Amino acid sequence: MAFYFTYGLAVQLLLLQAAAAGGVSEKGNREAVSPTLLSNLMEDILIEGKVVDEEGNPIPGAAILIKGTTSGTSTDIDGNFSLDVPDGSVLVVSFLGFITQEIEVGNQTDLEITLVEDVAQMDEVVVVGFGTQKKSHLTAAVEQIGSDLIENRPINRLSEALQGAVAGLYVTPVNGGPAQESNFNIRGYTGFGQKGGPLVLVDGIERTMSDVNPNDVESVTVLKDAAASAIYGSRAPSGVILITTKSGSKGEKMQVNYSGSYRIGSPIGMPEWSNSWEYAEKINEQYRNSLQAPIYTEEAIQRMRDHGAGLIPNNIVTGNGTYGAHWDMNGNSNWFDIMYKSIIPSQQHNASVSGGSNNTGYYVGLGYNESMGIIKGSDDQLNRYNALLKVNSDVTDWLTLRMSMNYVRTDEQAPNYRGGGPNYGDIWQNASASLPNWNDLNPNGSPSFLSSGPSLRGEGGTQNNERNETTLSGGFTVKPFKDFSIRGNYYWRNLTSHLERNTFVILVEEADGSIRNSARSAQQSSVLRQMNFTNYHTADIVADYDTQIGRHSINALVGYQEEYNNFARLAGVGRDLYTNSVPSISTTYNPNPTVNDQLTHWATQGVFGRMAYNYAEKYFIEFNGRYDAHSKFPAAIRWSFFPSVSGAWNIAEENFWSVNEINAFKIRAAYTSSGDPGSGNYLYLPTMGTGIGVGDVLLGGVKPNMVFMPPLVSSDLTWSSPQTLGFGLDVVAIENRLELTYDWYQRTIYNQPGPARILPETIGTGLPSVNNAVSETRGWEFSMKWRNTGRIAGRPFNYSVRFNIADYIGYVVEYDENPNGQRNIWTPGQVFGQIWMYESNGVAQDISDVEANVPQGGGWYYPGDLMMKDRNGDGQINAGEGGRWYARGDQYMAGYNYGRYRYGMNLQANWNGIDLSVTFTGVPKWITFTNNFHVIPAGINIWNSKWFTRHQELGTWSPDTPDNYFPRHSFKTYGANDQYVENLAHLRVQNLRLGYNLPQSLLERIKLRKVYIYSSAENLGMIYYKSNFRYEPEIMSRYGGNGYPPQRQISFGVNVGI
């Protein structure tokens, strides 16, 4: 939403009148206006029209002048104007911050004029810690994205819009479940193999990003380096994400907006079972190749074929009156079709009201988002309800008051699989482990003994989790004198959740009418009730002085902040329900219910300041510092000071700079020393556990209540000390249409807590953590933005391109507790994320190939088996002796288990009301190796062996098919090797949106301000993907393909403004 101010009119008229009287060209030369121009004018005609921006919003106060004269007018509050002009005139239409347009009147009497923002006149204001700064004044690595990448994109979570949008911000989906949030990381490793997440602040208060309604977001700012986030001290050792929600503008008339969309989703990368008889024959081949008797009889395989042809039922009745199980069933089930949906509808609705009087602005936003999961027959969904109210008012010319209220409710309904709740890993594993000859339902209509279907259909119980979060804030700004202000804010957040998990025993009826428990059911009914309560308070007060003295610009800020967080949990479990129809703890009869609670709290205090200075927009220096205290540490070492300094030099402002095409060439440097308090709230206290005694100890014939020995703690355990060094370059060129940014950084984390030196096992408790380790991360980022405008068929054509790419590595610098370099303990020089594997020597085609190679480990090798190269020539295939991480024998470092050189790109264009946006994300270098049966069909036993249609397409070795992809089908497995490594390099179309804004002439007739119709596709597909399997790359890397997949969503929506 754009807001314009009438003071622009006066500026525009003055500029254009000056140009008419004696304009200034681009080179600064005076140009006289022809004195005969006015005498040649012909009879006047009346012209009417409207001036709007690219989104169709009216521009009040735009100046319309007849070229070569001082005659003109301006648009009213609705962007309308009328003007008498001579025949053959040219109109000059302008407004501050937009590109001036010249319009030939010709025979037109009704004009619709669209102005395009002029980036050459704009100096973007960026949200930073406890304030804002001009982008041109930044000395640290900061990147901000606006609502243009978020609006009209019906995403379930804001994190989806951030994927690939910011260089150095890594957004990693955990799985595709409707309630799952992504992991966030800024600039890679933040510890020993760890990638910590940033501090996420929404309008100044810490919140969960998935609770934010994307429709309410005005901008997202990523403070990437420590110099930018230093003012937040120890709360932000891994960067900060600042989310600013929309506000109403003073003096703007009321605007009402509605947006709604309907989405159709489908899971990405679903495997598909082969026919049951093909599977059974392949498993028998695997047994024979392993010198074992086949497990499926020929009679059972024939029954599978007959059932597939519709000749017989899907199961037999055994001699004892039960239905067949395991190898006797003769069904033909594709369990992924039975358990998961292929079409998933959902919807989203948002409404907002904004506006203001001369001294008050307001914004009200309401939102509803329905996120549906893929599990069939179960309530696998998350509904989110949002409400936002923001008001700010100028009480006097020196006092402003503001308040906001944000409420979010989420209702999660999820499957309760075998009493474990929505354990998606277990659910997915069982869908894959269920064999294709098994049945969902037996011939009598009862669930099969081995079927997981009833549990997912809700027969085994359900889980519901209702969360309610209320955030209230109030604040003031006092301006006692010019350039000085005092701001105060208080925030309160209350979060409650109520988890209900009802677990039922699933019963199956056998052929003879007998009843027994399902093998895919919990074996005991139960009821879990869990309530969580979180209260969070924070307050800050900031004094800010900002002034300009000649060519000297000075900003000084000092403030105080404190936080307090209190968490409580109460949970109870009752077992053995009297009846499933009334599930509650009070309707269970087991005499041993379980009740437990949890209480925890923490607090911080901090005094912070910032001093920024620049001279003549050329030389910039900024100091930030925070003196912080955290309740995690004892009083003697609770406080610590974390400073940063950064500077920049814009060489393009120097007199000797002669490259006119480059508007800014700014070199940046920054150094920061910050603190990381680590995890856990009571690091210095030896906390003792309580409970029932374990082992064989009895007192009075019963196990006693006990208090357990606490682990050892270090009394001087203190902050980790990240120290960051960074250099950057910002280039703005070609009349500010091109922006280039490059950053290099090194983050060294001193005093990391690690295990203490090995102590005797007889100590009887856990080892204390001590500050004894150092790690380092180095990386770089590059981003580019290009924006331009032209005309097609007389109408403005605007387009923009954004591109970013980043990379990093991390490694151990110091760790004295592993002098021998053992692999299971970090060693100096060791690089995080490396994958070591064997080099394949190919599949042996005959016995001579077997004899020519060195076998790996014990066991016999045959033609069709995979052979490895003896890289060190010692006559053995192994990973080295002694267990050193650097002595790997025949293994070599093949790559990394995370994506290298991740990049993102966005293309946008609009013309004549039509707009197009395409977002790409990609990774050029990423590998993984897995023996999971989603990828490798042959495992160590039948349960770890599968035969999907993709396995069939690739095929296994046999004397008749020596060129097939996989080795011969047996129970032999192989260590990580380069022949079966999966290349996860890819380029994805993350989002594609095509929309149309109805023309102003039509909107005026239907009395609407804006109508935008669009279609959008999220996770549209891969342009290229190097893997042999279609599983989602993150699912492949994290779970070996065995995980809840994301969805491809096609949506249709409308955005209406009144």
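Looking at TRP786 and the list (1) assigned to a loop (DSSP other than H, G, I, E, B); (2) in contact with an Asp or Glu (Cβ under 9 Å, 6 or more places away or on another chain), which single condition is not satisfied?
Here TRP786 meets the rest and fails (1).
Scan region 365-407 residue by residue and report those that are hydrophobic (A, V, I, L, M, F, W, C), crowded, with 17+ Cβ neighbours inside 10 Å and in contact with a Ser or Thr (Cβ under 8 Å, 6 or more places away or on another chain).
Matches in region 365-407: LEU366, MET372, LEU382, LEU388, VAL391.
Does THR190 count as in a loop (DSSP other than H, G, I, E, B), under 30 Å from TYR896 (Cα atoms) and touching a residue at least 60 places away in the same chain (Cβ under 8 Å)?
Criteria met by THR190.
Using the structure shown, decide if LEU954 is surrounded by fewer than 18 Cβ atoms within 10 Å (Cβ to Cβ), touching a residue at least 12 places away in the same chain (Cβ under 8 Å) and out of contact with any Ser or Thr (no Cβ under 9 Å at 6 or more places or on another chain).
Yes, satisfied.
Conditions: (1) farther than 30 Å from ASN392 by Cα; (2) in contact with a Lys or Arg (Cβ under 7 Å, 6 or more places away or on another chain). SER404 meets all but one. Number of the miss?
For SER404, the exception is condition (1).
Each row is one residue, and each column tells you yes or no for (1) crowded, with 18+ Cβ neighbours inside 10 Å; (2) polar (S, T, N, Q); (3) in contact with a strand residue (DSSP E or B) (Cβ under 6 Å, 6 or more places away or on another chain); (4) assigned to a loop (DSSP other than H, G, I, E, B).
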residue: GLY625; (1), (2), (3), (4): yes, no, yes, no
residue: ALA636; (1), (2), (3), (4): no, no, no, no
residue: SER646; (1), (2), (3), (4): yes, yes, yes, no
residue: PHE656; (1), (2), (3), (4): no, no, no, yes
residue: LYS666; (1), (2), (3), (4): yes, no, yes, no
residue: ASN681; (1), (2), (3), (4): no, yes, yes, yes
residue: GLY691; (1), (2), (3), (4): no, no, no, no
residue: SER721; (1), (2), (3), (4): yes, yes, yes, no
residue: ASP730; (1), (2), (3), (4): yes, no, yes, no
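Answer with yes or no whether GLN530 is without any contact (Cβ under 8 Å) to a residue 12 or more places away in the chain and either outside any loop (DSSP other than H, G, I, E, B) or among the aromatic types (Phe, Trp, Tyr) (or both).
No, not satisfied.
Take residues that are free of Cβ contacts under 8 Å to residues at least 60 places away in the same chain and tell me which of the strands (runs of 3 or more DSSP E) falling wholly in region 69-132 contain 3 or more.
80-86, 90-94, 101-104
Given the structure, is ILE231 buried (at least 21 other Cβ atoms within 10 Å of the Cβ), closer than 29 Å to GLU1034 by Cα and not aromatic (Phe, Trp, Tyr)?
No.
In region 836-868, which residues are within 41 Å of the chain's Cα centre (by Cα) and not aliphatic (A, V, I, L, M)?
TRP836, TYR838, GLU839, SER840, ASN841, GLY842
Just checking, does region 975-995 include any residue being among the aromatic types (Phe, Trp, Tyr) and in contact with a strand residue (DSSP E or B) (Cβ under 6 Å, 6 or more places away or on another chain)?
No, the conditions are met nowhere in region 975-995.
Filter region 881-905 down to the residues that are among the basic types (Lys, Arg), surrounded by 17 or more Cβ atoms within 10 Å (Cβ to Cβ) and closer than 23 Å to ASP870 by Cα and list them by number.
Once the filter is applied, which keeps residues that are among the basic types (Lys, Arg), surrounded by 17 or more Cβ atoms within 10 Å (Cβ to Cβ) and closer than 23 Å to ASP870 by Cα, region 881-905 yields only ARG888.
Working carefully through the options GLY308, GLY265, find the one that is among the small types (Gly, Ala, Ser) and free of Cβ contacts under 8 Å to residues at least 60 places away in the same chain.
GLY308
Looking at ILE506, ILE486, which is the one that is hydrophobic (A, V, I, L, M, F, W, C) and closer than 30 Å to GLU622 by Cβ?
One residue alone meets the criteria, ILE486.
Taking region 934-990 as the search range and keeping residues that are of a type in the set (Gly, Ala, Ser) and over 23 Å from TRP327 (Cβ atoms), which one is nearest to the chain's Cα centre (by Cα)?
In this case the residue turns out to be ALA985.
How many of the residues making up region 381-428 are modelled with pLDDT of 90 or more and either in contact with a His (Cβ under 7 Å, 6 or more places away or on another chain) or among the acidic types (Asp, Glu) (or both)?
So the answer is 4.
Determine which member of the set ASN107, ASN156, ASN152 is surrounded by fewer than 17 Cβ atoms within 10 Å (Cβ to Cβ) and of a type in the set (S, T, N, Q).
ASN107
Please list, ordered by residue number, the strands (runs of 3 or more DSSP E) wholly in region 345-453 having 1 or more residues that are without any contact (Cβ under 8 Å) to a residue 60 or more places away in the chain and of a type in the set (A, V, I, L, M).
Fully inside region 345-453 and qualifying: 360-372, 381-394.
For a quick check of your reading of the model, give me the residue pairs whose first member lies in region 716-738 and is touching a residue at least 12 places away in the same chain (Cβ under 8 Å) and more than 30 Å from TRP639 (Cα to Cα), whose second is among the small types (Gly, Ala, Ser) and part of a loop (DSSP other than H, G, I, E, B), with beta-carbon atoms closer than 7 Å and at least 6 apart or on different chains.
Pairs that qualify, where the first residue is touching a residue at least 12 places away in the same chain (Cβ under 8 Å) and more than 30 Å from TRP639 (Cα to Cα) and the partner is among the small types (Gly, Ala, Ser) and part of a loop (DSSP other than H, G, I, E, B), are GLY728/ALA141; GLU735/ALA120; ASN736/ALA120.
Can you go through GLY164, GLY233, GLY176, GLY204 and tell me which one is at pLDDT below 90 and touching a Ser or Thr at 6+ places or on another chain (Cβ under 8 Å)?
Going through GLY164, GLY233, GLY176, GLY204 in turn, just one is at pLDDT below 90 and touching a Ser or Thr at 6+ places or on another chain (Cβ under 8 Å): GLY233.
Residues are listed down the side, and each one gets a yes or a no for (1) part of a loop (DSSP other than H, G, I, E, B); (2) closer than 22 Å to ARG529 by Cα:
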residue: GLU459; (1), (2): yes, yes
residue: ASN464; (1), (2): no, yes
residue: THR471; (1), (2): no, no
residue: GLY474; (1), (2): no, no
residue: LYS479; (1), (2): no, no
residue: ASN489; (1), (2): no, no
residue: ASN494; (1), (2): no, yes
residue: SER497; (1), (2): no, yes
residue: VAL505; (1), (2): yes, yes
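Can you pull out the residues in region 929-951 that are surrounded by fewer than 16 Cβ atoms within 10 Å (Cβ to Cβ) and either of a type in the set (Phe, Trp, Tyr) or assigned to a loop (DSSP other than H, G, I, E, B) (or both)?
The answer is ILE940, ASN941, TRP943.
Given the options ASN566, ASN592, name the one that is in contact with a His (Cβ under 7 Å, 6 or more places away or on another chain) and either surrounded by fewer than 15 Cβ atoms within 10 Å (Cβ to Cβ) or of a type in the set (D, E, K, R) (or both).
It is ASN566.
Pairs needed: first member in region 1004-1018, over 17 Å from GLU112 (Cβ atoms); second member anywhere, surrounded by fewer than 17 Cβ atoms within 10 Å (Cβ to Cβ) and of a type in the set (Phe, Trp, Tyr); C-beta distance under 9 Å; at least 6 residues apart or different chains.
ILE1013/TYR996; ILE1013/PHE1052; TYR1014/TYR996; TYR1014/PHE1052; SER1015/PHE1052; SER1016/PHE1052
So which residues in region 436-484 are under 30 Å from TYR296 (Cβ atoms), among the aliphatic types (A, V, I, L, M) and surrounded by fewer than 22 Cβ atoms within 10 Å (Cβ to Cβ)?
Within region 436-484, LEU441, LEU450 meet the criteria.
Restricting the search to region 265-296, which residues are assigned to a loop (DSSP other than H, G, I, E, B) and of a type in the set (S, T, N, Q)?
Correct list: SER274, ASN275, SER290, GLN292.
Could you figure out which of (1) under 32 Å from the mean Cα position of the chain (by Cα); (2) not in a strand (DSSP E or B) isn't true of ASN566?
(2)
The values are calculated or read from the model by the stated rules, or taken from the named source; none is laboratory data. This structure is a prediction, so every number in the text was calculated from the model and none was measured. When we count neighbours, we look across all protein chains shown, and the Cβ atoms used for this are built from the backbone with ideal geometry, even at glycine.
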